[in-house]
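Participant: First the structure, then my questions, so here it is.
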Amino acid sequence: MNFDFTEDQQEIKKTARDLLSSRSSLAKVREAAEGKAYDPALWSELVELGWPGIAIAEEHGGQGLGAVELAILSEELGYALAASPFLATVTAAEAIGIAGTPEQQAQWLPLLASGEATGTIGSAGGLVPDADAAAVIVLIGEDGVARVLARAEAEVTPVDSIDPTRRAARVYAPPTHGEALGGDSAAAIDRATVVVAAELVGVAQRALEMTLAYVKDRRQFDTPVGAYQAVSHKCAQMLKDTEGARSATYFAAWAADAEPDRLPEAASLAKAAASDGGRDVTASAIQAHGGIGFTWEADVHWLYKRAQVDAALLGGSGTHRARLARLLAARLQPAAA
Amino acid sequence: MDLTFSDSEAAFRDELRAWFEINDPGTMPTGDDAAYAWRRDWQRRLAEGGWAGVHWPREYGGRNATMTESAIFFEELGRARAPLPANVLGLLLAGPTIMTYGTDEQKERYLSPILTADEIWCQGFSEPDAGSDLAALKTKAVKDGDDWVITGQKVWTSGAQYSKWCMLVARTDLDVPKHKGLTYFLMDMEQEGVQIRPLVQITGEPEFNELFIEGARVPDENVLGGVGNGWRVALTTLMNERSGLAFFLQVRLRQLLDELIEEAAERGLLDDPVVADRIGYLHMKAEILRLTAYRGLTTIEKYGTPGPEGSLTKWMWSETNQELAQFAADLLGADALTTGNRWAYELLRSRGNTIEGGTTEILKNIVAERVLGLPRLKGAAA
Ligand SMILES: Cc1cc2nc3c(=O)[nH]c(=O)nc-3n(C[C@H](O)[C@H](O)[C@H](O)COP(=O)(O)OP(=O)(O)OC[C@H]3O[C@@H](n4cnc5c(N)ncnc54)[C@H](O)[C@@H]3O)c2cc1C
């Protein structure tokens with residue numbers, strides 16, 4: 001039993017943290033959000049590093065690493081709040097990589113791995129990230145079955161979500177368009193879900209750190225506000241929520257490759273914990289910043305907005321709690337399941 | 001990252017399971033004294049099998065188990081629905097503290113009877129005016145020849161009525177700042193100067209007690225860790241208290257939750273969306289606790305010191321246990337509110353969880369100051 005990252009994994013995390021702190025500073029994030037345009041230089045750099053293909057099999061042009069390495073990158077991009085089609089692209093690749101037909105894999109994975117094309121996954125009724133520019137869209141129907149659509153097969157309507165650091169769209173496709181994933185849609189969605197949970201952990205971690213820095217510095221009544229227990233206990237709670245979501249997310253990322261039988265439960269655990277944690281921690285961050293936290297000028301609101309949209313992506317905590325209860329009930333009454 | 005158990009860990013678990021199979025703990029009798037005697041006997045059986053102090057070094061009768069194996073032990077103990085050994089404070093608190101600070105003579109004298117439950121221990125820290133602010137304690141120890149003479153009052157002392165020894169912290173120097181004037185004693189409970197009065201808890205049981213100490217004598221050789229060093233020694237005890245139990249408690253919580261889910265199934269309530277939502281929520285919290293406890297273990301095994309996870313598990317457990325008991329009351333209605341029902345007991349007993357072993361507010365102070373590095377409010381020590 002060892003919960004720690006390997007040296008290679010730690011190296012990936014460190015490289016990502018260092019690179020993103022300069023290439024995707026909050027000033028850059030703001031520029032992208034306000035200008036409604038991603039920085040193409042950032043995306044080409046990520047592509048050059050091979051990040052979009054980190055978990056894509058080598059035979060399809062990826063690096064052939066696993067869900068843990070992908071979660072590490074996703075967490076760091078969340079921490080940096082990077083404005084890029086990374087999350088959308090890797091989640092589509094995860095889905096196609098685990099459940100696509102050989103043709104679907106051969107058609108899309110090399111393009112996604114090399115960054116020649118981007119992709120996305122999302123629900124028919126929800127906000128689909130970066131769908132407007134995606135070459136391939138994995139669209140989850142109401143019945144839970146996911147279809148693979150080329151961009152032209154879908155009707156994509158860009159919308160301004162509350163999170164301007166990421167583009168979003170509504171996607172519709174007539175039932176005759178596209179082709180269902182060859183394998184288990186649930187497994188495909190679960191693997192994508194873990195990536196979103198990891199991003200939320202990164203967002204929460206950043207919100208906690210920004211808040212700590214602020215409340216140690218800001219003084220009222222001749223005292224740093226972080227000394228007041230109403231504030232310091234809130235920060236302790238933020239740590240508890242962040243670490244709890246992190247425990248569940250790392251477990252799910254590990255299970256995705258090592259014990260896929262446990263992935264359905266682990267993915268729902270991770271997403272339920274990270275959705276709740278991400279929303280609560282970023283909301284607390286605004287509160288602990290006082291009036292400045294409510295301004296457009298401060299950066300905490302980007303984190304809150306990202307957390308809100310991520311929390312709903314691929315199922316909110318309520319959806320995943322309900323699934324956990326179903327899984328537990330099935331375990332209790334195997335015949336009825 | 002590898003969340004499977006190693007071959008040796010799996011072998012350890014198998015051996016233990018096989019032992020539990022032959023040594024079925026049976027059912028605890030009712031009545032406080034009978035239950036206690038039964039738990040004491042259970043610990044003797046564990047000791048005979050070599051399972052009483054798995055995390056203890058071999059030279060003191062343990063198995064030299066790794067932290068992960070120790071966690072496995074508590075998981076299996078919980079899974080076998082066995083109770084905690086009677087001398088839990090001896091095994092988890094007094095023993096490790098004596099191992100850290102004791103002289104060779106002290107280790108020789110005290111450790112083995114802790115393991116066999118021949119000598120039970122209690123923890124005499126809290127006082128009427130010193131709870132969270134433990135260092136403010138007033139019980140006094142004055143040197144008299146080769147002895148120390150102790151006078152004062154302790155409170156909430158769990159299991160004092162069964163104990164031979166007390167981990168007692170007393171003030172030996174009034175002229176230095178409060179943390180510096182303390183000394184840790186190993187006090188014999190069987191003497192005139194120590195009077196025990198049971199205190200009835202909200203559950204109706206007298207689990208803890210008041211201690212009235214009037215001229216009790218403790219020989220100088222029973223000072224642990226040196227005169228004036230009591231605060232450091234006491235902190236070692238407290239750290240062991242908060243971390244040692246985490247795995248057992250985590251499994252207990254899991255069992256209670258599984259039983260509650262079965263109850264819900266029997267009543268046909270699993271399809272009720274409100275019930276399902278609550279079950280999903282509690283399952284999530286129980287799993288987060290388990291996983292965070294294991295993450296904490298990895299940190300300690302690899303880096304020697306507990307990471308931030310360590311301070312969080314007691315907080316997570318106590319909170320979730322209370323939420324679980326409260327949900328049982330919602331789910332089971334009148335049954336869970338009827339005295340004698342086990343859920344009624346849980347509903348009451350779980351309120352103590354966020355107080356005993358350091359209140360949740362104090363744990364939050366510790367997280368805020370020592371983990372997050374936030375400034376301390378004047379006077380509000382952690
Ligand atoms: C079931 C049970 C068993 C116990 N067994 C033992 C035992 O065997 N041996 C032993 O020595 N003790 C034992 N205790 C005592 C326990 O350790 C104390 O009750 C606990 O430390 C709190 O102290 P107190 O009761 O004096 O409460 P107080 O310290 O008076 O606290 C009252 C309230 O104020 C809050 N508070 C206090 N200080 C602060 C602060 N700085 N910041 C924020 N909030 C604060 C507390 O959180 C609490 O809510 C036991 C308690 C229980 C409930």
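Participant: How much mean residue ellipticity at 222 nm does chain B get from its helices, if each DSSP H run of length 4 or more adds -39500 (n - 2.57) and you divide by all residues, to the nearest 500 deg cm²/dmol?
Facilitator: Only helices count here, giving -15000 deg cm²/dmol.
Participant: Provide the FRET efficiency to the nearest 0.05 for the residue B:221-residue A:157 pair, computing r from the beta carbons and using R0 = 60 Å.
Facilitator: 0.15
Participant: To continue, here is another question. Between beta-carbons, use under 15 Å as the cut-off and find the net charge around residue A:84, counting Lys and Arg +1, Asp and Glu -1.
Facilitator: Every neighbour counted, the sum reads -4.
Participant: In addition: Please give the Cα centre distance for segment A:14-45 versus segment A:232-280, rounded to the nearest Å.
Facilitator: Cα centres, segment A:14-45 to segment A:232-280: 26 Å.
Participant: Related question: Let me confirm one metric for peptide B:354-367, namely the mean number of other chain beta-carbon atoms within 10 Å of its residues' beta-carbons.
Facilitator: 2
Participant: Another question, if that's okay. For the pair residue B:140 and residue B:104, what calculated FRET efficiency results from E = 1/(1 + (r/R0)^6), where r is the Cβ-Cβ distance and R0 = 51 Å, to the nearest 0.05?
Facilitator: Computed FRET efficiency for residue B:104 and residue B:140 comes out at 0.95.
Participant: Pick out, from A:60, A:38, B:53, the residue whose Cα sits farthest towards the positive end of the charge dipole of the protein assembly as shown, with +1 on the Cβ of Lys and Arg and -1 on the Cβ of Asp and Glu.
Facilitator: Of A:60, A:38, B:53, it is A:38.
Participant: Using the Kirkwood formula over every pair of different C-alpha atoms, what hydrodynamic radius in Å results for segment B:242-371?
Facilitator: 15.6
Participant: With a 10 Å cut-off between alpha carbons and a GNM built on chain B, which of B:185, B:247, B:208 moves the most?
Facilitator: B:208
Participant: Here's another thing I want to ask about it. Specify which residue in the list A:248, A:9, B:170 is farthest towards the positive end of the charge dipole of the protein assembly as shown, using unit charges on the beta carbon of Lys, Arg (+1) and Asp, Glu (-1), about the Cα centre.
Facilitator: Checking the options against the dipole of the protein assembly as shown, the answer is B:170.
Participant: Using helices alone, what [θ] at 222 nm do you get for chain A, with -39,500 (n - 2.57) per DSSP H run of 4 or more residues, divided over all residues and rounded to the nearest 500?
Facilitator: -19500 deg cm²/dmol
Participant: Under the definition of partner shielding as Cβ atoms of other protein chains within 10 Å of a residue Cβ, what is the mean value for peptide B:292-301?
Facilitator: Mean number of neighbouring Cβ atoms from other chains: 4.
Participant: Further question on the same structure: Work out, step by step, the length gained on full extension between residue B:30 and residue B:301: first 0.36 nm times the residue separation, then minus their alpha carbon distance; give nm to one decimal.
Facilitator: Residue separation times 0.36 nm, minus the Cα-Cα distance, leaves 93.6 nm.
Participant: Any idea how far apart residue A:296 and residue B:266 come out in nm if each label point goes 7 Å out from Cα toward Cβ?
Facilitator: Distance between the two pseudo-spin positions: 6.1 nm.
Participant: Right, another one. For chain B, what is the charge dipole size about the Cα centre, in debye to the nearest 20, if Lys and Arg each add +1 at the Cβ and Asp and Glu each add -1 at the Cβ?
Facilitator: 980
Participant: Something else about it: DSSP loop (so not H, G, I, E, B), at most 10 other Cβ within 10 Å: list which GluC sites (Glu not before Pro) in segment B:131-222 pass both filters.
Facilitator: Taking segment B:131-222 and a limit of 10 other Cβ atoms within 10 Å, the loop GluC sites (Glu not before Pro) found are B:190, B:192.
Participant: What net charge is computed for the residues neighbouring residue B:216, neighbours being all others with C-beta under 12 Å from the C-beta of residue B:216, Lys and Arg scored +1, Asp and Glu -1?
Facilitator: Within the 12 Å Cβ shell, the charges total -3.
Participant: Based on the Cβ-Cβ distance of residue A:145 and residue A:261, what FRET efficiency does E = 1/(1 + (r/R0)^6) give at R0 = 22 Å, to the nearest 0.05?
Facilitator: It comes out at approximately 0.55.
Participant: Given the options A:233, A:186, A:176, identify the residue whose Cα lies farthest towards the positive end of the charge dipole of chain A (+1 on Cβ of Lys, Arg; -1 on Cβ of Asp, Glu).
Facilitator: Positive-most Cα among the choices belongs to A:233.
Participant: DSSP loop GluC sites (Glu not before Pro) in segment A:78-181 with at most 16 other Cβ atoms within 10 Å of their Cβ, which ones?
Facilitator: Sparse-neighbourhood loop GluC sites (Glu not before Pro): A:116, A:142.
Participant: Additional query: Testing the spin-label approximation: label points 7 Å from Cα along Cα→Cβ at residue A:331 and residue A:106. State their distance in nm.
Facilitator: 4.1
Participant: Right, here's the next one. Would you work out the charge dipole size for segment B:7-86 about its Cα centre, treating the Cβ of every Lys and Arg as +1 and the Cβ of every Asp and Glu as -1, and quote it to the nearest 20 debye?
Facilitator: 180
Participant: Another question, if that's okay. Pairs B:178/B:302; A:36/A:271; A:13/B:180; A:28/A:234; B:178/B:364: which are spaced more than 32 Å apart, C-alpha to C-alpha?
Facilitator: B:178/B:302; A:13/B:180
Participant: I've got another one for you. Of the listed peptides A:272-282, B:74-84, what is their order by residue-averaged count of other C-beta atoms within 10 Å, with the highest listed first?
Facilitator: Those peptides, ordered most packed to least, come out A:272-282, B:74-84.
Participant: Might you report the magnitude of the Cβ-based charge dipole of segment B:242-371 about its Cα centre, with Lys and Arg at +1 and Asp and Glu at -1, to the nearest 20 debye?
Facilitator: It works out to roughly 680 debye.
Participant: Consider a paramagnetic label point 7 Å from the Cα of residue B:175 along Cα→Cβ; state which residues of segment B:126-148 have an amide N under 19 Å from it.
Facilitator: Once the point is set 7 Å along Cα→Cβ of residue B:175, B:140-145 turn out to lie under 19 Å by backbone N, inside segment B:126-148.
Participant: A further question follows. If you count, for every residue in A:127-134, the Cβ atoms of partner chains within 10 Å of its Cβ, what is the mean?
Facilitator: Going residue by residue through A:127-134 and averaging, the value is 0.
Participant: Anyone know which of A:228, A:214, A:38 comes out most mobile in the 10 Å Cα GNM of chain A?
Facilitator: Per the Cα network of chain A with a 10 Å cutoff, A:228 tops the list.
Participant: Say we join alpha carbon atoms closer than 10 Å with springs in a Gaussian network model of chain B; which of B:23, B:321, B:353 then has the biggest fluctuation?
Facilitator: Comparing B:23, B:321, B:353 in the GNM, the peak value goes to B:23.
Every number here is computed from the coordinates shown, using simple stated rules; none is lab data. Being a predicted model, the structure only gives us computed values, none of them experimental. Note that we place each Cβ from the backbone using ideal geometry, even for glycine, and neighbour counts take in every protein chain shown.
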